[in-house]
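Working notes, beginning with the structure itself.
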Amino acid sequence: MDTALALTNDMRLVLGLVGFVMVMFLFERIRADVVAVVVLVVLGLTGLVAPEEIFGGFSGNAVISIIATTILGAGLERTGALNRLASWLLRRGHGVEQRLLLLTSAIAGLNSSFMQNPSVMALYLPVTARLASRTTLNLQRLLLPVCAAIVMGGALTMVGNSPLILLNDLLVSANNNLPSGMATLEPLRMFAPLPIGVALLLASLAYFRFYGDRKLKEEAVGTAGTSSAIPARTESYFANTYGIEGEVFELTVSADSPLVGMTLGEAEALHGAPLMLALQTGNDTRLAPPADMRIWVGSVIGVMGKRQDIADFAQNQFLRLSSRLRHFGDLFNPSRAGISEAVIPPTSSFIGKSAAALSLRKKSGISLLAINRDKKVMREDVRKVPLRAGDMLVLHSTWQDLAATAKNGDFVVVTDYPKGEQRPHKFKIAMAIFALTIIIALTSRLPVALTLMTGVAGMLLTGVLRMDEAYASINWKTVFLMAGLIPLGWAMDSSGAAAWVAGHTVERLPEGLPVWVLELAVALLTTAFSLVISHVGATIVMVPMAISLALAAGGNPTAFALVTALSASNNLMTASNPVVSMITGPANYSARQMWRIGGPLSLIYTFVVVAMVNLMFWWSSRV
């Protein structure tokens, strides 16, 4: 390669745009997606990218893959897959902290291999909150290990994070500027980085098992007075505020039970009766069943409370206790139903009427559990208490019934809850479609974007998602950011700017420097860039330069490009990583904590990536 390449005006303009992007991303004077649109327009107006190609980023495989993985993630979320996972983790953890932490992190890492990292983190925030409310683990000890596992697990496939999704498009575009006689760079297959991802995920789990968790414990002791609860209401909140706590159980009525023939209201009035939230008699299954609904032999009652209290009640009333929800699994799925708070406004028609008079259960499917009035909590016979303006009601219902009743304006819901329709009954269909998508990706040579869109089409056709819901799930900021900056990567190649930077870098390096040292330098530089200009920006700027550097130094361009793309996600210290930005607030992490715990892990990440990439390409050359 000619390392004495002259610096042209086109190169100056492209490097100037790179500098502009870095400054704008660093000081955040303009939104990142707006910066991307400005760069896109400048590239088109100056002719650095041909007008007919300037919007090619919007139709590229990278952007389509981003859209498809987001929609697939939304489909899984609608079916409550992650909430089922939280229950499974609690059962498998058996109350052992380290086991629960290890399981949660490992499963989160595996999930991130097929969904965008921010989407996985968004789904795991309520999961970790639920785990924290039922165990001695706090959010500080849970969220950072889970976040790190999600970042590491994104390297298991080519669709786990944005840099790897971008990589194939950048490899293909680099072929236009390869030296004559150079072999074409082939796109990497779906599971090409799997060995690297496995090594990274294991490294993360080991790091927190033997070092990180101990440091988080020490930090937690030093900040014992700080809060670490996510904004959404959790089980611990209702337990502390209203005394509403415990788990959900099923009680089956035997022939000897004195409850046979009673109405639900009469059963609730019995001494020691738990909260009765659901009732199944024959084929009639009700959440928030009306008080006049009768209980018969074989009826199943869904109750909530402390295990020992419910066990005592079941023994006294000759009921069979089951902690496994065989009849009410879908009804009690947290993605479909749960506890909420609502305030009675001065204009409400509920004022002066009781829940019994309003028939909240029968007409609206809502159970009133408690009333907070003038800082006094009422739980005894709350269904008979006339409501007043300003009363805070604690309700249990499906989210759909809650939203429908709230439309009347008789109460204002203050709890954050899923506004869209949840479809836990579509869970098996969604998982089957997801599994089929993975099988196609493993067994065919179809482009990744097409494979993922096959899964999207399946979810839309089977009703797991509606088209409007699919549109709403797409993060258009990410789409415009990526599509706007992709042409900047093309311009880095086509203008020769990447080759110029690489050539001058090689000239200044000592002769005989091992290739892996160059890869290590590229990895660290990319990581530094990602702290400033985001993982997408770092990938688009650095991959063309890494390919040119590999060609100048006699290295493998694909290996250099893969090291770069993986290193672009290696930011576990600052909020410029969108996954990290989602956990700093809920867990009250300080900047010092993030650097002390995330910094060493980022160094481990770099060394594992470089070692595994070299091992993988060495092995493929020998096979």
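Read-outs: derived from the displayed coordinates by stated rules, not from any lab. Bear in mind the structure is a predicted one, so any value in this text is a computation, not a measurement. Reconstructed Cβ throughout: ideal geometry from the backbone, glycine too, with neighbour counts over all protein chains shown.
Sorted ascending by nearby beta carbons within 10 Å, beginning with the fewest, 527, 539, 405 become 405, 527, 539. Between the entries [x] 1.24; [y] 1.11; [z] 1.04, the label attached to Cα Rg over 2.2 N^0.38 Å calculated for this structure is [y].
Protection proxy ranking for 502-508, 593-599, 378-384, using the average of other Cβ atoms within 10 Å per residue and placing the highest first: 593-599, 502-508, 378-384.
Note on the chain: dipole from Cβ charges, positive end direction compared against 16, 165, 259; the farthest Cα belongs to 259.
Among 189-196, 145-152, 449-456, 71-78, how do they line up by average Cβ neighbours within 10 Å per residue, starting with the highest?
Numbers: 189-196: 19.5, 145-152: 29.8, 449-456: 21.2, 71-78: 24.9.
Taking the mean over residues of other Cβ atoms within 10 Å, the ranking is 145-152, 71-78, 449-456, 189-196.
Counting beta carbons within 10 Å around each of 398, 104, 564 and listing the fewest first gives the order 398, 104, 564. Span-like helix criteria (full DSSP H runs; alpha carbon extent of at least 30 Å along the helix axis; mean Kyte-Doolittle hydropathy of at least 0.0) are satisfied in the chain by 599-622.
Listed peptides 165-171, 273-279, 369-375, 55-61 appear in the order 165-171, 273-279, 55-61, 369-375 once ranked by packing, highest mean of other Cβ atoms within 10 Å at the front. Only helical runs count toward this figure. For the chain, summing -39,500 (n - 2.57) over DSSP H runs of n ≥ 4 and dividing by all residues gives -17000 deg cm²/dmol at 222 nm. Sorting 417, 471 from the fewest to the most surrounding beta carbons within 10 angstrom yields 471, 417. For the chain, a simple Cβ point-charge model (Lys and Arg +1, Asp and Glu -1, everything else neutral) yields a dipole of about 1480 debye relative to the Cα centre. Given +1 at the Cβ of Lys and Arg, -1 at the Cβ of Asp and Glu and no other charges, the dipole of the range 338-413 around its Cα centre is 180 debye to the nearest 20. Placing unit charges on the Cβ atoms of the charged side chains and taking the dipole of the chain about its Cα centre, the candidate lying farthest along the positive direction among 498, 278, 454 is 278. Dipole of the chain computed with +1 at Lys/Arg Cβ and -1 at Asp/Glu Cβ about the Cα centre; of 367, 530, 382, farthest Cα towards the positive end is 382.
When a/c reaches 1.5 or more, the comparison of a/b and b/c decides; with that in mind, is the range 491-555 rounded, prolate or oblate per its Cα gyration tensor?
It is oblate, given that a/c is not under 1.5 and a/b is not larger than b/c.
Only Lys, Arg, Asp and Glu carry charge here, each on its Cβ (+1 for the first two, -1 for the last two); on that basis the range 482-623 has a dipole of about 360 debye about its Cα centre.
Need one word for the range 338-413: rounded, prolate or oblate. Basis is the Cα gyration tensor (sqrt eigenvalues a ≥ b ≥ c); a/c below 1.5 gives rounded, then a/b vs b/c decides.
Numbers: a/c = 1.36, a/b = 1.23, b/c = 1.10.
It comes out rounded by the Cα gyration axes.
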